[in-house]
1. Looking only at the stretch 136-147, count how many residues are free of Cβ contacts under 8 Å to residues at least 60 places away in the same chain and surrounded by fewer than 21 Cβ atoms within 10 Å (Cβ to Cβ).
2. Across the stretch 37-53, which residue is farthest from R167 (Cα to Cα) among those that are β-branched (V, I, T) and exposed (fewer than 15 other Cβ atoms within 10 Å of the Cβ)?
3. Can T34 be described as under 21 Å from E148 (Cα atoms), modelled with pLDDT of 90 or more and buried (at least 17 other Cβ atoms within 10 Å of the Cβ)?
4. Please go through the stretch 131-152 and give me each residue that is more than 13 Å from E43 (Cα to Cα) and either among the hydrophobic types (A, V, I, L, M, F, W, C) or outside any strand (DSSP E or B) (or both), ordered by number.
5. Report every pair of residues separated by at least 6 positions or lying on different chains whose Cβ atoms are under 6 Å apart, first residue within the stretch 1-24 and farther than 9 Å from T64 by Cα, second outside any loop (DSSP other than H, G, I, E, B) and at pLDDT 65 or above.
6. Can you spot a residue in the stretch 101-108 that is surrounded by 14 or more Cβ atoms within 10 Å (Cβ to Cβ), farther than 19 Å from D17 by Cβ and over 16 Å from the mean Cα position of the chain (by Cα)?
7. Has the stretch 54-73 got any residue that is at pLDDT below 90, surrounded by fewer than 23 Cβ atoms within 10 Å (Cβ to Cβ) and under 27 Å from A162 (Cα atoms)?
8. If I ask for residues that are in contact with a helix residue (DSSP H, G or I) (Cβ under 6 Å, 6 or more places away or on another chain) and at pLDDT below 90, which ones from the stretch 10-31 would you list?
Amino acid sequence: MREFGLTFEQATHRPWDSFWTMDDAAIAFSLMYTQHGTDINREIGTMIYSVRTGFRGNRRTHYTFGLPWVGGEYDVALGLAGRVTIDAWEWGRPLRSSVAALAHTHPADINWFSQEDRNLAHGRYSFLGLGISAMPVFMSVMMDGGLEIRRFDNSMDRTARAQRYGRLILSR
């Protein structure tokens with residue numbers, strides 16, 4: 001982006017693009033899909049993958065987001081379960097990748113994490129009796145004409161505010 005003089009917002013991000021951090025992958029997904037989720041009044045979800053490259057002393061890890069799916073008005077559970085419980089191989093998913101996080105959009109003006117989101121982050125989420133490992137959860141929402149992206153993971157403190165809103169990682 002820097003080579004072409006683009007800001008993060010001006011760049012077009014696609015599934016399987018490479019990012020240095022998990023947060024950057026979630027931000028890229030959010031920039032591309034949050035407005036669309038708001039327009040159709042549905043949550044849109046994706047998995048963020050950790051990808052290992054290189055060999056021996058030259059190993060590197062980067063992050064990417066997978067193919068998005070459209071969920072319900074207030075959940076993305078079916079797509080999440082399909083990609084995590086049976087480890088569905090998405091078309092284009094890099095070799096040596098593993099599920100690292102869930103990113104999803106919320107309908108307009110709902111900027112808090114649901115109990116299901118918090119359960120997933122703490123490893124207490126199950127779908128049809130199948131447990132799903134703890135992972136960070138990213139949520140994006142259009143708030144007052146702008147975009148908010150928040151992160152919730154099992155390291156969050158136990159205050160009511162942190163449990164409800166997580167950590168704001170981008171607001172524009």
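The values are calculated or read from the model by the stated rules, or taken from the named source; none is laboratory data. The structure presented is a predicted model; accordingly, all values stated were derived computationally and were not measured. Don't worry about glycine lacking a Cβ; one is built from the backbone with ideal geometry, like all the others, and counts go over all protein chains shown.
1. Start the filter on the stretch 136-147 by keeping residues that are free of Cβ contacts under 8 Å to residues at least 60 places away in the same chain, which leaves 137, 139, 143-146.
Going one step further and asking which of them are surrounded by fewer than 21 Cβ atoms within 10 Å (Cβ to Cβ), we end up with 143-146.
Residues that pass the stated criteria total 4.
2. Of the residues in the stretch 37-53, the ones β-branched (V, I, T) are 38, 40, 44, 46, 48, 51, 53.
Remaining after also requiring exposed (fewer than 15 other Cβ atoms within 10 Å of the Cβ): 40, 53.
On the way: I40: 26, T53: 29 Å.
Selected residue: T53.
3. When the stated conditions are applied, T34 passes them.
4. I132, S133, A134, M135, P136, V137, M143, D144, G145, L147, I149, F152
5. Cβ pairs passing all conditions: H13/A28; H13/M32; D23/I169.
6. yes
7. yes
8. Matches in the stretch 10-31: H13 only.
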